[in-house]
Amino acid sequence: MGEISLINWAFNLIVRPTLSQSTKKGEKMRKIIVTIFFFIFSFSAYATEPLVDAKWLNNNLKNSEVFVLDIRNKIDGGSYETFKEGHIPGSVHSDYLKAGWRTKVNGVIGQFPGTKSLDQLIGGLGIDKDDHVVIVYGGINSSDFGSAARIYWTFKTIGHENVSILNGGFKEWKNAGYDVALGENKITPKNFKSKLNKKYFALFSEVQKAEKEKNGLCLIDARPAAFFVGEKKKPEARTAGRIKNSFNLQQQDMVQDNGKIKSAADIKKMFSALKVEEYKGYISYCNTGHWAAVVWFALSEQAGIPNVKLYDGGMVGWTINPKNEVVTG
């Protein structure tokens, strides 16, 4: 049951009958329940959602607990110079490709850098544990959305659940006609401490077992079909193809032409078409965990499908060892 539906249900079941009572006892109970009701409503109205829109963000810009993180980068044609030419007031820039959100680990590019490095990066931006982080991407296409989805996943993986993505990104903000600021970052560093949450992170051993159908987890390849069948490959991957027993759910199908994620209903329909509901969980992968983040977010956060993880090693990590089987066709 959604938050608003739950509130309406509570109002009709508890508050409305109490309002109709005319006794002193009824009046006293009315005041107590109405106070509780509006407290719950206020709390629920601010509860963190995976996506926020431009109107919500504009209404909450002056909220000291909202931290706007602008991650525009080469993928969307952005940079720190672009940020200085126009950004959401009060936001701080951190280039998704350059700042250290992903790193090279054991010869594999684009990997989760670890909590120590991320604590320094995130704290250095001025983010603390109580902030509601709103991630702002360019708003250009699905790969651009992947920048936001990957950083969103990163925050979740280090135990910071209070995070959202501005649906439509900076493009949506500008199209809505809201204020745009100019100039440099204004940063006050904070002491950020993370705690690894393995709920969202697929280990290599889990992928191995899923490939052999030994753990009840389903492998979902988020890459375009040409990569899935082996017609194309990322240069860093040893060979073209996919992990055995994978299903293809293309990342570009998760996002609309305007750069916004598709509806939960649309995503569930595409997921259902795979006919994989019998699995107890899912692992999204691509080449190095960027496109996979789009599909992970679409399934886990937008469509609400339980037990979805992301394997950031992808085909680059999988194919380092020639003993790991790769299939084509």
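The values are calculated or read from the model by the stated rules, or taken from the named source; none is laboratory data. The shown structure was predicted, so the numbers you read here are calculated from the model rather than taken from an experiment. Here the Cβ is made from the backbone with ideal geometry for all residues, glycine too, and neighbour counts use every protein chain on show.
Annotations for the structure displayed:
- Residue identified as of a type in the set (Val, Ile, Thr) and outside any loop (DSSP other than H, G, I, E, B) among Ile187, Ile122: Ile122
- Residues satisfying the stated conditions in region 79-94, i.e. under 20 Å from Trp153 (Cβ atoms) and touching a Gly at 6+ places or on another chain (Cβ under 8 Å): Val92
- Scanning region 47-92 for residues that are in a loop (DSSP other than H, G, I, E, B) and touching a Ser or Thr at 6+ places or on another chain (Cβ under 7 Å), we see that the one that is modelled with the lowest pLDDT is Thr48.
- Looking across region 138-171, just one residue is charged (D, E, K, R) and either under 13 Å from Gln252 (Cα atoms) or modelled with pLDDT under 95 (or both), and that is Asp144.
- Residue among Lys198, Lys214 that alone is over 15 Å from the mean Cα position of the chain (by Cα), assigned to a loop (DSSP other than H, G, I, E, B), within 24 Å of Gly100 (Cβ to Cβ) and basic (Lys, Arg): Lys198
- When region 222-248 is limited to residues that are in contact with a Cys (Cβ under 7 Å, 6 or more places away or on another chain) and surrounded by 21 or more Cβ atoms within 10 Å (Cβ to Cβ), the one that is farthest from Ala202 (Cα to Cα) turns out to be Arg223.
Residue-by-condition table, conditions (1) touching a helix residue (DSSP H, G or I) at 6+ places or on another chain (Cβ under 9 Å); (2) of a type in the set (S, T, N, Q); (3) assigned to a helix (DSSP H, G or I):
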position: Ile283; (1), (2), (3): yes, no, no
position: Val294; (1), (2), (3): yes, no, yes
position: Glu301; (1), (2), (3): yes, no, yes
position: Gly304; (1), (2), (3): yes, no, no
position: Gly317; (1), (2), (3): yes, no, yes
position: Ile320; (1), (2), (3): no, no, no
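- Residue pairs meeting the criteria (Cβ under 7 Å; at least 6 apart or on separate chains; first outside the structural domain of Leu166 (by TED's automatic domain parsing), in region 294-319; second among the polar types (S, T, N, Q) and part of a loop (DSSP other than H, G, I, E, B)): Asp312/Thr288; Gly314/Asn287; Gly314/Thr288; Met315/Asn287; Val316/Asn287; Val316/Thr288; Trp318/Asn324; Thr319/Thr239
- Selected residue (criterion: surrounded by the fewest Cβ atoms within 10 Å (Cβ to Cβ)) from residues of region 125-149 that are in a helix (DSSP H, G or I) and touching a strand residue (DSSP E or B) at 6+ places or on another chain (Cβ under 8 Å): Ser142
- For region 276-298, filtered to residues that are of a type in the set (A, V, I, L, M) and under 16 Å from the mean Cα position of the chain (by Cα), the residue that is surrounded by the fewest Cβ atoms within 10 Å (Cβ to Cβ) is Ala293.
- Restricted to region 64-101, and to residues there that are touching a residue at least 40 places away in the same chain (Cβ under 8 Å) and surrounded by fewer than 14 Cβ atoms within 10 Å (Cβ to Cβ), the residue that is farthest from Arg150 (Cα to Cα) is Glu85.
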